[in-house]
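The values are calculated or read from the model by the stated rules, or taken from the named source; none is laboratory data. From a predicted model like this one, the values you see are computed outputs, not experimental measurements. Using ideal geometry, Cβ is built from the backbone for each residue, glycine included, and neighbour counts are taken over all protein chains shown. We work out accessible area using only protein heavy atoms, side chains counted, and drop any ligands, DNA or RNA first. Shrake-Rupley method; radii C 1.70, N 1.55, O 1.52, S 1.80 Å.
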Amino acid sequence: MAESRDGAQAQSTENVVMYHPSKDLVENANVTAYMRSKGLSSYDELYKWSTANPEEFWADQANELEWFQTWDKVLDESNAPFFQWFVGGKTNIIHNAIDRHVKTWRRNKLAMIWEGEDGSSRTYSYHTLNREVSKMANVLKSMGVQKGDIVTIYLPRIPELPIAMLACAKVGAAHSVVYGGFSVEALADRMSDAQSKILITADGGYMRNKVIELKKIADEAMARTPTIQNCIVVKRTGHDIAMESGRDLWFHDLMSLPIASPICPTEEMDAEDMLFILYTSGTTGRPKGVVHTHGGYQVGTHTTLKFVFDLKEEDRWWCAADPGWITGHSYIVYSPLLVGATSFMYEGAPNYPYPDRWWSLVARHAISVLYTAPTAIRGLMRFGDAWPNRHDLSSLRLLGSVGEPINPEAWRWFRDTIGAGECPIMDTWWQTETGHFMITPTPVVPLKPGSATRPFLGIDVDIVHEDGTSCAPDEDGTLVIKRPWPGMLRTILNDPDRYKNQYWEKIPGMYNAGDSARRDKDGYIWVIGRLDDVIKVSGYRLGTAEVESALVSHSAVAEAAAIGLPHDIKGNAIHAFVILRAGFEGSPKLEEELRAHVGHELGPIARPDEIKFVGSLPKTRSGKIMRRVLKAQALGQDVGDVSTLES
Ligand code: PRX
């Protein structure tokens with residue numbers, strides 16, 4: 001078994017059972033219809049054609065959407081790696097996600113169904129969603145928000161979150177959503193980097209019936225961010241909070257003003273104009289603001305949802321991620337609306353108040369396609385089969401997984417217990433940077449549990465050595481993408497050099513995903529895990545650098561190192577090693593204080609499981625902490641080559 005730096009282990013690829021799709025599924029799949037329209041007779045042929053003619057393939061897909069003005073050029077590679085898609089095209093993702101639907105019978109179709117943790121629910125047809133988004137867009141305009149501005153959004157999982165995102169896009173402003181589980185430092189850093197003038201937040205959010213004090217966190221973060229002029233506050237919990245006069249405004253007050261008219265024209269944008277930034281953890285330093293644009297992103301997310309999860313008009317789709325992460329941006333908010341689907345969103349924890357909460361949601365809302373993460377599947381699996389078996393889950397027809405490699409045991413439980421042994425699992429590999437699915441089955445592809453199977457149509461993937469030469473079958477290497485794709489990140493906000501160096505120059509001319517993987521003899525790809533200092537905790541991406549910087553911001557800490565160690569449910573858990581400043585002594589009390597400090601600065605997901613007080617840290621002669629050595633020691637493994645270790 002091969003192992004990655006973050007502790008994930010690749011499954012053995014020998015003797016894996018293949019799961020073949022039913023004839024019915026293949027016959028009726030959206031992708032089969034497309035294949036036939038091209039006069040081709042197999043998915044293999046379609047894949048070959050799409051990668052031999054990527055521009056024709058993506059132009060076909062772009063033509064499924066409406067454009068104010070069509071593009072002059074599908075792909076412009078003249079300033080590589082700053083690729084541009086649908087150059088000269090005029091569009092706005094909101095036109096395709098909302099405006100074009102409300103002109104048809106779909107205006108009365110449900111766009112979004114939301115259920116709160118307390119059992120309350122709200123529904124939005126395309127018509128009502130359009131009204132809410134337009135009202136909010138007018139509010140933003142009246143507050144001076146313009147094309148090119150970046151609005152920061154820090155909200156719990158409530159309908160106002162997608163509404164705020166869509167309203168920004170409608171007026172041509174970019175949104176920067178900060179996940180509601182993040183805390184003060186994380187929020188302040190992101191607001192400053194984006195130079196946001198407006199923050200949209202809530203008085204609080206609910207998680208397991210406890211109030212998360214979002215406004216308090218926002219107040220502390222705003223105090224560290226001088227660019228902020230106004231804060232719009234959504235009332236969710238209704239408990240007492242501080243409102244700063246002149247700066248803070250209630251969302252419901254603004255939405256009841258005459259300026260909040262339900263009619264608002266959608267701003268015409270260039271295909272390459274910025275739609276949003278989303279911060280993600282990298283190898284070093286501060287999180288990077290990944291930039292996505294209107295044109296390519298709408299084509300990529302629309303195509304992948306339509307072909308991979310095979311969405312049909314009558315489906316009820318549930319992507320159980322948080323809208324604050326890329327999975328939620330692409331597959332809760334944008335692509336379900338682009339395909340005209342009904343998207344379900346749930347506010348709370350999967351096991352609240354009982355471990356069958358999710359299964360009761362599936363049964364009550366007749367969910368037909370459920371997309372989630374291995375960590376959630378493992379977490380629910382441990383409660384046993386009796387919980388799901390109490391519910392009628394027969395509405396489900398397809399399941400999906402994302403965020404980290406799924407272990408075959410969890411895969412089989414998901415298919416057999418949740419999917420009645422019949423629902424195929426679409427294991428989708430992609431990243432914040434890629435914008436949409438990159439390696440994934442479609443319903444016509446035979447599955448192997450634990451493998452994301454094969455590259456999506458039009459996507460050229462390889463596994464390579466450090467010099468860029470291809471690895472042999474079953475050999476571990478670096479996962480790269482050899483050709484640009486429409487939903488790719490365009491740059492890193494304020495740091496184009498980092499975009500170039502990090503993704504395109506390490507292995508010249510190829511996009512380096514930062515993952516290790518192997519391809520088996522059947523061409524199936526097995527992703528092993530991160531190659532860099534990124535830790536995946538419950539599928540969330542955290543940089544060791546972020547956790548370390550939160551630790552050293554505590555007055556007792558001189559130096560810190562963080563690593564990920566394998567964990568049964570979370571995939572990885574954070575372990576930290578800390579050198580204290582003179583005058584401080586390690587104790588269980590201080591350990592708890594430091595864990596709470598990281599929680600306060602970054603958020604609960606970043607809180608280390610364990611902190612060890614040490615006298616020194618293993619370092620290279622140039623002073624870099626050798627986390628690999630710490631990890632091997634913690635796992636009781638051979639520490640390997642330490643010839644560069646400082647002596
Ligand atoms: O290591 C891979 C893992 O998640 C990373 C991307 O994280 P993030 O940008 O937070 O996006 C997560 C959701 C798209 C990848 O570099 N990863 C994601 N999906 C899979 C996966 N690893 C294995 N199998 C997957 N299906």
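Just name the residue that is farthest from residue 178 (Cα to Cα) out of those in segment 591-610 that are touching a His at 6+ places or on another chain (Cβ under 8 Å) and open to solvent by less than 10 Å² (accessible area, probe 1.4 Å).
Residue satisfying both the conditions and the ranking: 594.
Restricting attention to segment 565-590, and to residues there that are touching a Ser or Thr at 6+ places or on another chain (Cβ under 8 Å) and not hydrophobic (A, V, I, L, M, F, W, C), which single residue is surrounded by the fewest Cβ atoms within 10 Å (Cβ to Cβ)?
Among residues in segment 565-590 that are touching a Ser or Thr at 6+ places or on another chain (Cβ under 8 Å) and not hydrophobic (A, V, I, L, M, F, W, C), the one surrounded by the fewest Cβ atoms within 10 Å (Cβ to Cβ) is 581.
Going by what's in this entry, would residue 383 be described as part of a loop (DSSP other than H, G, I, E, B), among the aromatic types (Phe, Trp, Tyr) and more than 16 Å from the ligand (Cβ to nearest atom)?
yes
Kindly indicate which of 302, 329 is crowded, with 23+ Cβ neighbours inside 10 Å and within 29 Å of residue 569 (Cα to Cα).
So the residue among 302, 329 that is crowded, with 23+ Cβ neighbours inside 10 Å and within 29 Å of residue 569 (Cα to Cα) is 329.
Can you list residue pairs whose Cβ atoms sit under 6 Å apart, with the first residue in segment 79-91 being charged (D, E, K, R) and the second being part of a loop (DSSP other than H, G, I, E, B) and open to solvent by 60 Å² or more (accessible area, probe 1.4 Å)? Count only pairs 6 or more apart in sequence or on different chains.
Final answer for the pair search is 90/68; 90/268.
Just for segment 611-626: of the residues that are over 24 Å from residue 588 (Cα atoms) and part of a loop (DSSP other than H, G, I, E, B), which one is most open to solvent (accessible area, probe 1.4 Å)?
Among them, the one singled out is 621.
Considering only segment 451-482, how many residues are out of contact with any Pro (no Cβ under 6 Å at 6 or more places or on another chain), in a loop (DSSP other than H, G, I, E, B) and either within 13 Å of the ligand (Cβ to nearest atom) or closer than 14 Å to residue 51 by Cβ (or both)?
Number of matching residues: 8.
Which residue is surrounded by the most Cβ atoms within 10 Å (Cβ to Cβ), if the candidates are limited to segment 369-421 and must be charged (D, E, K, R) and at pLDDT below 95?
Among those residues, the one meeting the criterion is 404.
Among (1) in contact with a Ser or Thr (Cβ under 8 Å, 6 or more places away or on another chain); (2) outside any loop (DSSP other than H, G, I, E, B), there is one condition residue 500 misses while meeting the rest; what is its number?
Here residue 500 meets the rest and fails (1).
Select, from 523, 458, 509, the only residue that is closer than 27 Å to residue 59 by Cα, crowded, with 20+ Cβ neighbours inside 10 Å and either aromatic (Phe, Trp, Tyr) or more than 21 Å from the chain's Cα centre (by Cα) (or both).
458
Given 362, 445, which one is buried (at least 17 other Cβ atoms within 10 Å of the Cβ), farther than 28 Å from residue 81 by Cα, β-branched (Val, Ile, Thr) and touching a Ser or Thr at 6+ places or on another chain (Cβ under 6 Å)?
Testing whether each residue is buried (at least 17 other Cβ atoms within 10 Å of the Cβ), farther than 28 Å from residue 81 by Cα, β-branched (Val, Ile, Thr) and touching a Ser or Thr at 6+ places or on another chain (Cβ under 6 Å) leaves just 445.
Taking the stated definitions as given, is residue 339 open to solvent by 20 Å² or more (accessible area, probe 1.4 Å), within 26 Å of residue 444 (Cα to Cα) and touching a Leu at 6+ places or on another chain (Cβ under 8 Å)?
yes
If you go through segment 84-97 one residue at a time, how many are open to solvent by 10 Å² or more (accessible area, probe 1.4 Å) and out of contact with any Phe, Trp or Tyr (no Cβ under 9 Å at 6 or more places or on another chain)?
1
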